[in-house]
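Undergrad: My structure is below; once you've seen it, I'll send some questions.
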Amino acid sequence: MSKHDPMTLAAQLMSQAPDQRPPVDQWDPPFCGDIDIRITSDGQWFHEGSPFTRPALVRLFSNILRREKNGDYCLVTPQEKVRIQVDDVPFVIVRWAWQSGSSIPVLTLTTQVGDEVEVGPAHPMTLQDALDEPGDSDPLPYVQVRSGLLARLGRNVFYQLIDQGRLEPDESGEVLVIESHGQCYPLGHLPDEGSAV
């Protein structure tokens with residue numbers, strides 16, 4: 001692995017407002033190798049095996065994260081692009097709420113880095129296998145956050161949303177769904193014995 005320094009990347013972005021998302025999809029810098037940054041399946045960021053201790057730095061890096069067409073995850077600046085390791089997906093949903101004042105149910109989800117999305121056509125929830133547990137568990141609900149970057153429901157959020165869901169028939173039996181923006185989105189299929197997901 002090449003010896004890239006996260007602080008060098010951060011310095012390239014300091015002129016950017018911390019909560020303003022740069023147009024990373026428009027940038028086309030040269031690929032400069034790997035940096036020893038890993039995002040675990042529970043959403044924690046590590047550098048060289050040590051956890052990041054500054055939430056502001058994680059937030060900054062999350063704003064320049066991009067998924068490439070080949071599936072790689074990269075941190076992108078106007079000057080360079082470096083590849084990082086992501087165990088499953090980069091984001092984890094840690095909070096949920098029903099949007100107040102809406103005439104229809106609107107489910108708002110918040111990631112571990114503070115991104116908020118409303119489950120709906122722009123941010124659909126789908127079931128897929130976890131990359132860090134291939135074939136070992138039932139498909140889990142994931143939400144589209146932005147530009148091909150997904151969030152996995154945190155365990156607590158998942159179980160809380162199960163209580164908010166309802167059963168609907170589908171081709172494989174019954175699926176537990178939750179409604180948002182006038183559409184139903186799956187939380188999981190019930191196993192044969194009829195217990196919760």
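The values are calculated or read from the model by the stated rules, or taken from the named source; none is laboratory data. Keep in mind it's a predicted model, so treat the numbers as computed, not measured. Using ideal geometry, Cβ is built from the backbone for each residue, glycine included, and neighbour counts are taken over all protein chains shown.
Undergrad: When the residues of the stretch 1-53 are narrowed to those that are charged (D, E, K, R) and at pLDDT 90 or above, which ends up surrounded by the fewest Cβ atoms within 10 Å (Cβ to Cβ)? Talk me through it step by step, then tell me what you get.
TA: First, the residues of the stretch 1-53 that are charged (D, E, K, R): 3, 5, 19, 21, 25, 28, 34, 36, 38, 42, 48.
Within this subset, residues satisfying the condition of being at pLDDT 90 or above are 25, 28, 34, 36, 38, 42, 48.
Values: ASP25: 11, ASP28: 8, ASP34: 16, ASP36: 17, ARG38: 15, ASP42: 14, GLU48: 10.
Among those that are charged (D, E, K, R) and at pLDDT 90 or above, it is ASP28.
Undergrad: From the list ARG152, ARG95, pick out the single residue that is assigned by TED's automatic domain parsing to the domain that holds GLY165 and crowded, with 19+ Cβ neighbours inside 10 Å.
TA: Values: ARG95 fails: crowded, with 19+ Cβ neighbours inside 10 Å.
Going through ARG152, ARG95 in turn, just one is assigned by TED's automatic domain parsing to the domain that holds GLY165 and crowded, with 19+ Cβ neighbours inside 10 Å: ARG152.
Undergrad: Can you tell me which condition VAL82 does not meet? The list is (1) under 26 Å from PRO23 (Cβ atoms); (2) of a type outside the set (S, T, N, Q); (3) part of a helix (DSSP H, G or I), and all the others hold.
TA: With respect to (1) under 26 Å from PRO23 (Cβ atoms); (2) of a type outside the set (S, T, N, Q); (3) part of a helix (DSSP H, G or I), VAL82 is out only on (3).
Undergrad: Name the single residue, out of those in the stretch 57-74 being surrounded by fewer than 18 Cβ atoms within 10 Å (Cβ to Cβ) and assigned to a helix (DSSP H, G or I), that is modelled with the highest pLDDT.
TA: ARG59
Undergrad: Looking at the stretch 160-174, is at least one residue β-branched (Val, Ile, Thr), surrounded by 13 or more Cβ atoms within 10 Å (Cβ to Cβ) and in a loop (DSSP other than H, G, I, E, B)?
TA: Going residue by residue through the stretch 160-174, those that are β-branched (Val, Ile, Thr) are 162.
Subset that is surrounded by 13 or more Cβ atoms within 10 Å (Cβ to Cβ): 162.
Retained after the next criterion (residues that are in a loop (DSSP other than H, G, I, E, B)): none.
Within the stretch 160-174 (the criterion being β-branched (Val, Ile, Thr), surrounded by 13 or more Cβ atoms within 10 Å (Cβ to Cβ) and in a loop (DSSP other than H, G, I, E, B)), the answer is no, since none of the residues qualifies.
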